[in-house]
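In what follows, a structure is listed as structure tokens, so that the remarks can point back to it.
The values are calculated or read from the model by the stated rules, or taken from the named source; none is laboratory data. Note that the structure is a prediction, hence the values are computed from the model and not measured. With ideal geometry, Cβ positions are generated from the backbone for all residues, glycine too; neighbour counts draw on all protein chains shown. Each accessible area value is taken on the protein alone, full model and side chains, heavy atoms only, with ligands, DNA and RNA left out. Shrake-Rupley method; radii C 1.70, N 1.55, O 1.52, S 1.80 Å.
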Amino acid sequence: MNQLAGELNPSSRILMGPGPSDVHPRVLRAMATPLVGHLDPEFLTIMNETQALLRYVFQTQNSLTFPVSGTGSAGMETCVVNLIEPGDRMVVCVNGVFGQRMVDVAQRAGAEVTVLERPWGDVFPLDLIRDTLRKVRPKVLGIVHAETSTGACQPMDGLGELCHEFDTLLLVDTVTSLGGIPVEVDRWQADAVYSGTQKCLSAPPGLAPVTFSSRAVETIQRRKTKVQSWYLDVTMVQRYWGQERFYHHTAPITMIYALREALRLVQEEGLERRFARHRLHHQALKAGLSALGIRYAAVEGHQLPQLNAVWIPAGADDLTTRRMLLEQFGIEIGGGLGDFKGKVWRIGLMGYSCRANNVLLFLSALEQCLLRQGLKIPEGASIAAANQVYCQQPA
Ligand SMILES: *Cc1c(COP(=O)(O)O)cnc(C)c1O
């Protein structure tokens with residue numbers, strides 16, 4: 001290259017896709033803070049605080065709780081490779097892309113995987129899982145709490161008890177749920193849970209919070225074989241994040257700053273208020289979309305507030321619409337993945353992105369995009385419907 005690359009100057013965007021979401025300005029400021037060494041006593045305090053905050057958002061007392069240096073998928077891999085030894089049986093519930101990914105990860109780790117399937121957009125009833133556990137008697141059951149490819153929310157009640165009845169460990173993907181809807185690790189009796197920073201926590205991508213129950217820790221201690229991944233072996237990473245502070249790898253300091261600040265924002269808002277905020281803006285968005293005749297891809301009663309997957313209306317072109325939203329309004333929404341490619345849009349209302357400004361701007365921008373493509377829609381109806389939801393709230 002004989003020319004200097006230009007100064008970095010990305011356009012400002014409103015991130016309303018499946019993640020990353022908009023990062024709170026306070027998190028960006030935390031990231032501009034000078035580095036300390038990763039074994040500096042001050043940083044060790046920051047690590048402890050981050051772990052305590054993670055226990056708060058995960059609603060757990062688990063001591064083995066820390067952020068893996070990697071994105072959400074690294075969290076998935078960490079949970080799988082530590083619990084699974086070659087030849088172990090694992091049941092994975094698949095109703096979308098992320099369940100499929102978990103199958104792939106588990107098979108690569110040497111698990112003998114049984115796939116339990118449901119149609120995309122649907123969820124798993126407890127009875128169906130019970131039948132499978134009775135037949136397979138797996139060591140681990142893997143399930144996605146918030147399936148980002150379909151917008152479906154898996155009910156968790158009774159699942160932990162059911163798994164333990166069959167001596168099975170419960171592994172849960174909460175990448176899209178943590179910080180947006182209740183994730184109750186201890187009440188669920190979940191054994192291994194992972195998440196990511198760039199969805200409802202509204203930090204950049206780069207860390208994967210994980211937590212392991214004492215039951216999971218005992219299972220890991222009883223392993224006959226070494227964990228196949230050196231980097232993701234929690235028995236070693238634990239010595240780094242635990243009392244010993246034994247050097248394993250260099251924690252991405254700036255990302256820890258970011259996560260700590262993002263978690264502080266969650267704590268300041270309070271979990272209940274944060275969940276209520278996600279529900280409110282989802283209801284306003286949903287009212288607006290249904291005024292335009294746009295329907296949800298996930299079954300009624302199990303729709304995620306933070307990820308609205310909707311069928312693309314007839315007459316609208318997927319790419320044209322998303323390009324107009326991006327180029328004319330700076331709004332990013334997501335297209336469909338896998339089976340839903342070209343069929344759904346995924347509108348995220350995650351963390352800092354989950355605000356009335358964004359809902360109202362998006363609806364009016366979408367109306368314009370649809371009108372320009374010749375769709376017959378009742379002009380202004382979506383904004384009126386969303387405002388009606390907002391006006392029912394005390395100001
Ligand atoms: C985004 C996502 C992942 C993967 O996270 P990355 O940060 O992209 O690696 C896994 N599971 C679910 C449910 C997700 O939404």
Query raised in the report: Under the condition of being touching a Phe, Trp or Tyr at 6+ places or on another chain (Cβ under 6 Å) and of a type in the set (S, T, N, Q), which residue from the stretch 158-213 is farthest from the ligand (Cβ to nearest atom)?
Result: THR211
**Report entry** Residue count for the stretch 2-55, restricted to those that are touching a helix residue (DSSP H, G or I) at 6+ places or on another chain (Cβ under 8 Å), among the small types (Gly, Ala, Ser) and part of a loop (DSSP other than H, G, I, E, B)
**Finding:** 2
**Report entry** Restricting the stretch 74-107 to residues that are open to solvent by 30 Å² or more (accessible area, probe 1.4 Å) and farther than 17 Å from HIS145 by Cβ, the residue that is farthest from the ligand (Cβ to nearest atom)
**Finding:** GLY87
Query raised in the report: Would the stretch 15-23 turn up any residue that is open to solvent by 100 Å² or more (accessible area, probe 1.4 Å) and either more than 16 Å from the ligand (Cβ to nearest atom) or touching a residue at least 40 places away in the same chain (Cβ under 8 Å) (or both)?
Result: no
**Report entry** Total residues in the stretch 59-73, condition within 8 Å of the ligand (Cβ to nearest atom) and open to solvent by less than 20 Å² (accessible area, probe 1.4 Å)
**Finding:** 2
Requested in this report: Identify all residues within the stretch 176-197 that are in contact with a helix residue (DSSP H, G or I) (Cβ under 8 Å, 6 or more places away or on another chain), in a loop (DSSP other than H, G, I, E, B) and of a type outside the set (Ser, Thr, Tyr); write none if there are none.
Outcome: LEU178, GLY179, GLY180, ILE181, PRO182, VAL183, GLN189, ALA190, ASP191, GLY196
Query - ALA216 vs. criteria under 18 Å from the mean Cα position of the chain (by Cα) and open to solvent by less than 20 Å² (accessible area, probe 1.4 Å) - result: no
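Let's see how each residue does on (1) more than 19 Å from the chain's Cα centre (by Cα); (2) in a loop (DSSP other than H, G, I, E, B); (3) more than 18 Å from LEU285 (Cβ to Cβ):
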site: ASP339; (1), (2), (3): yes, no, yes
site: GLY342; (1), (2), (3): yes, yes, yes
site: ARG346; (1), (2), (3): no, no, no
site: ASN357; (1), (2), (3): yes, no, no
site: LEU360; (1), (2), (3): yes, no, no
site: GLU367; (1), (2), (3): yes, no, no
site: LEU371; (1), (2), (3): yes, no, yes
site: GLY374; (1), (2), (3): yes, yes, yes
Query raised in the report: Of the numbered conditions (1) touching a residue at least 40 places away in the same chain (Cβ under 8 Å); (2) open to solvent by 20 Å² or more (accessible area, probe 1.4 Å); (3) among the polar types (S, T, N, Q), GLN392 satisfies every one except a single condition; which is it?
Result: (1)
Query raised in the report: Just a yes or no: is a residue in the stretch 32-46 in contact with a Lys or Arg (Cβ under 8 Å, 6 or more places away or on another chain), of a type in the set (Val, Ile, Thr) and not assigned by TED's automatic domain parsing to the domain that holds MET350?
Result: yes
Query - Residue match in the stretch 222-240 (condition: more than 30 Å from PRO34 (Cβ to Cβ), free of Cβ contacts under 8 Å to residues at least 40 places away in the same chain, aromatic (Phe, Trp, Tyr) and assigned by TED's automatic domain parsing to the domain that holds VAL140) - result: yes
Requested in this report: Scan the stretch 162-175 for residues that are over 9 Å from the mean Cα position of the chain (by Cα) and part of a loop (DSSP other than H, G, I, E, B) and report the count.
Outcome: 3
Report task. Could you list, in sequence order, all residues of the stretch 283-319 that are part of a helix (DSSP H, G or I) and open to solvent by less than 20 Å² (accessible area, probe 1.4 Å)? Result -> ALA284, LEU285, GLY288, LEU289
Query raised in the report: What strands (runs of 3 or more DSSP E) completely inside the stretch 61-159 contain at least 3 residues that are of a type outside the set (A, V, I, L, M, F, W, C) and in contact (Cβ under 8 Å) with a residue 12 or more places away in the chain?
Result: 64-69, 112-117
